[in-house]
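Worksheet: one structure, shown below.
The values are calculated or read from the model by the stated rules, or taken from the named source; none is laboratory data. No experiment lies behind these values; they were computed from the predicted model shown. Methodologically, a virtual Cβ is constructed for each residue, glycine included, from the backbone with ideal geometry; neighbour enumeration extends over all protein chains shown. Areas reflect the complete protein model, heavy atoms only, side chains present, ligands, DNA and RNA absent. Shrake-Rupley method; radii C 1.70, N 1.55, O 1.52, S 1.80 Å.
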Amino acid sequence: MTRLKCTVKNCMYNEDRLCSKNDIMVGGQDAAKPNETRCDSFRERTGSMTNSMSQAREETSVGCHAQNCRFNQDCKCQADEIGIAGSNACCCSETECASFDCQCK
């Protein structure tokens, strides 16, 4: 599992920079830069909506569609730690995997 630090304050799964969702998916199949990725699991926190998944924890299973990332192995993130950024995001396209590292040629 990957240690996940999330700065997306508006995500309903974010609890003190930790994710309360058991697994997330990073999108951006043809990404060559971090801002071309996104957290497909992002859900905007609205009003008093709170997470009903599980307790937030540091380690999370991270699926990854960013084929060019050096941490992606068979659609799973193999990085020890990643960051998800997009502090005031309202939709997943306003988030990114800040740890994306392109192995592009």
The chain: relative contact order as a whole-number percent, Cα under 8 Å and 6+ apart: 38
Charge dipole (debye, nearest 20) of the chain; +1 at Cβ of Lys and Arg, -1 at Cβ of Asp and Glu: 80
Per residue accessible area in Å² of the chain, where ligands, DNA and RNA are left out and the probe is 1.4 Å: 57
Neighbour cut-off at most 13 other Cβ (10 Å), DSSP loop, trypsin sites (Lys or Arg not before Pro), region 1-40: Lys9
Share, in percent, of DSSP beta bridges within the chain that are antiparallel, nearest 5: 65
Within the accessible area of the chain (1.4 Å probe), percent carbon and sulfur: 42
Calculated Kirkwood radius over Cα pairs in Å (choose from (i) 13.7; (ii) 14.8; (iii) 13.3), label: (iii)
